[in-house]
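Visitor: Here you go, one structure.
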Amino acid sequence: MKVTMKEVAEKLKTAKKILVTAHIHSDGDALGSTLAMWQALRQLGKDAQVYIDDELPANLAFLPHFDAIKRPAKDEKFDADLLLVLDTSIDRIGNIRKMTDAPLLNVDHHVTNNNYTNDLYLDSDAAAACEIVLDILHELDVKITPDIATCIYTGLATDTGFFNYSSTTAKTFRAAAELVECGAKPNFVAEQTEKRTLNDLKVMTAALQTVEIYFDGKVAGMFIDEELEKIVDTTEGLVDLIRVIDTVDVAFLLRWQDENTSRASLRSKGTNVSDIVKKLGGGGHVRAAGCTLHMSFEDAKNTIIKALSENFAKA
Ligand code: 5GP
Ligand code: MN
């Protein structure tokens, strides 16, 4: 069921014990929104806990209260009276749904989220889940501390490519200005999130050697095969290296996961890539989307190119 901002606030006020989660393959928006919400709920005297059913990216360890995030043990339960899912539909939270029978409240900004069988607050115009979280905290009269501001600012900045993507609006900048007034430090967040190991810089040069160009230069692909996957620390930002090619509309990164699994990340300047990956079981935003392909790396590569050919191949 569609819920309003006021109903979201009401549900959070009523609940006493709240399990907060976000998507696996967590990014700055997923962790920023859950940690901001966790701090806000504790400010309100709630017994809140953040669980993410995945390994966490090391370059986000600077986020205030990062260590509060738990990964559920096998069959672990959490006796909550509300399950709050941020920045994703519930199909990307691993085994968290099995931890509690509590009613679910889903807050998201992904246009592909259409799961109204749960209580869903969806604003696909929001640049980040963190932008919605800031609205919720206002509704709840929560004090925006420097730590909360840092978490929310990180989500806004990372999900908008530091306020560059088309999802960035005047509202995003107003939110960012407020967060800086409340203590977020843009230079600190930028330095922390941009940090790469020397190893990853070397992987970057190797990854650039794999670039292939298709459809008269309109599509570029980059490939992290089994060999590169074994040495890379993070692939964050790799696809953006080829998105900038002047002729390119769609850039994609294909990443080996195991013999039968690969992950694709797509970025575009115009084409609706969320529509393209939806056909492959994925989702996301108009200009940034992804999917998991259950097949060999070679087949995954051909599948992505075929899916793109429907938009780009000449008749
Ligand atoms: P990324 O390429 O950075 O992994 O993801 C780009 C955007 O698409 C993010 O907002 C992410 O949450 C979303 N996304 C990536 N993979 C999937 C997927 O398999 N399913 C869905 N529903 N969304 C995805
Ligand atoms: Mn997001």
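Visitor: Among 185-194, 275-284, what's the highest-first ranking by average C-beta atoms within 10 angstrom per residue? Don't skip to the answer; put the middle values down first.
Guide: Values: 185-194: 14.6, 275-284: 18.1.
So the order, starting with the most tightly packed, is 275-284, 185-194.
Visitor: Another question, if that's okay. Given 0.36 nm per residue, what is the gain on full extension from ASP258 to ASN199 after removing their alpha carbon distance, in nm?
Guide: Details: separation 59, 0.36 × 59 = 21.24 nm, distance 2.16 nm.
Full extension of this stretch gives 19.1 nm more.
Visitor: Another one. Over what distance in Å are the Cα centres of segment 48-98 and segment 16-36 separated?
Guide: Spelled out, the Cα-based centre of one part sits 6 Å from the other.
Visitor: To the nearest 20 Debye, how big is the dipole of segment 63-172 about its Cα centre, given +1 on the beta carbon of each Lys and Arg and -1 on that of each Asp and Glu?
Guide: Numbers: 9 positive and 18 negative charges, 76 e Å.
Rounded to the nearest 20 debye, it is 360 debye.
Visitor: Ordered by residue, what ³J(HN,Hα) values in Hz, to whole numbers, does segment 107-114 give under the Karplus form 6.51 cos²θ - 1.76 cosθ + 1.60, where θ = phi - 60° and Gly and Pro are x?
Guide: 10, 8, 10, 8, 4, 7, 7, 10
Visitor: May I pose another question? So with the 1.4 Å probe, I'd like the accessible area per residue for the chain, rounded to whole Å².
Guide: About 46 Å² of surface per residue is accessible.
Visitor: Could you tell me which of rounded, prolate or oblate describes segment 11-98, using a ≥ b ≥ c as the square roots of the eigenvalues of the alpha-carbon gyration tensor, with rounded for a/c under 1.5 and, failing that, prolate when a/b is larger than b/c and oblate otherwise?
Guide: Working: a/c = 1.62, a/b = 1.18, b/c = 1.37.
The shape class here is oblate.
Visitor: So, by mean Cβ neighbours within 10 angstrom, what's the order for 226-234, 58-66, 156-164, 26-34 with the highest one leading? Spell out each step's value before the answer.
Guide: On the way: 226-234: 13.8, 58-66: 17.3, 156-164: 21.1, 26-34: 27.7.
Per-residue Cβ counts within 10 Å, averaged per peptide and sorted highest first, yield 26-34, 156-164, 58-66, 226-234.
Visitor: How about LYS16: which aspartates and glutamates have a C-alpha closer than 12 Å to its C-alpha, ignoring those fewer than 8 places off in the same chain?
Guide: Cross-link targets: ASP47, ASP79, ASP81.
Visitor: Taking 32 Å as the cut-off for C-alpha to C-alpha distance, list the pairs among LYS74/LYS269; LYS74/LYS230; LYS143/LYS278; LYS195/LYS306; LYS11/LYS70; LYS46/LYS195 that go past it. Present the calculation step by step, with values, prior to reporting the outcome.
Guide: On the way: LYS74/LYS269 41 Å; LYS74/LYS230 26 Å; LYS143/LYS278 39 Å; LYS195/LYS306 35 Å; LYS11/LYS70 23 Å; LYS46/LYS195 34 Å.
Too far apart for the 32 Å limit: LYS74/LYS269; LYS143/LYS278; LYS195/LYS306; LYS46/LYS195.
Visitor: Using the basic label-point model (7 angstrom from Cα toward the beta carbon), what is the ALA170 to HIS25 distance in nanometres?
Guide: Reported label-point gap for ALA170 and HIS25 is 3.5 nm.
Visitor: For a test of the definition: using alpha carbon positions, the gyration tensor, and the 1.5 limit on a/c, classify segment 205-281 as rounded, prolate or oblate. Don't jump to the answer; show the numbers that get you there.
Guide: Details: a/c = 2.04, a/b = 1.29, b/c = 1.59.
Oblate shape, in that a/c is at least 1.5 and b/c is the bigger or equal ratio.
Visitor: To continue, here is another question. Ratio of the chain's C-alpha Rg to 2.2 N^0.38 Å, to two decimals?
Guide: On the way: Rg = 19.4 Å, N = 315, 2.2 N^0.38 = 19.6 Å.
Normalised Rg, Cα atoms only: 0.99.
Visitor: Quick one: what are the phi-derived ³J(HN,Hα) couplings along segment 234-241, Karplus 6.51/-1.76/1.60 with θ = phi - 60°, whole Hz, x for glycine and proline?
Guide: 9, 9, 3, x, 4, 5, 5, 5
Visitor: Which of ALA58, LEU254, VAL133 sits farthest toward the positive end of the charge dipole of the chain, with +1 on the Cβ of Lys and Arg and -1 on the Cβ of Asp and Glu?
Guide: The residue sitting farthest along the positive end of the dipole is VAL133.
Visitor: Can I ask one more? Given contacts defined as C-alpha pairs under 8 Å and at least six residues apart, what's the relative contact order of the chain, whole-number percent?
Guide: Values: 608 pairs, mean separation 41.9, N = 315.
Answer for the chain is 13 percent.
Visitor: At a 1.4 Å probe, what is the % contribution of carbon and sulfur to the accessible area of the chain? All intermediate terms of the calculation are to be shown ahead of the outcome.
Guide: Values: 7300 of 14450 Å².
Answer for the chain is 51 percent, counting heavy atoms of protein chains only.
The values are calculated or read from the model by the stated rules, or taken from the named source; none is laboratory data. As the structure is a prediction and not an experimental result, all values here were calculated from the model. Cβ sites come from the backbone with ideal geometry, for glycine too, and all protein chains shown count toward neighbours. When the accessible area is computed, the model is the full protein with side chains, heavy atoms only, and any ligands, DNA or RNA have been set aside. Shrake-Rupley method; radii C 1.70, N 1.55, O 1.52, S 1.80 Å.
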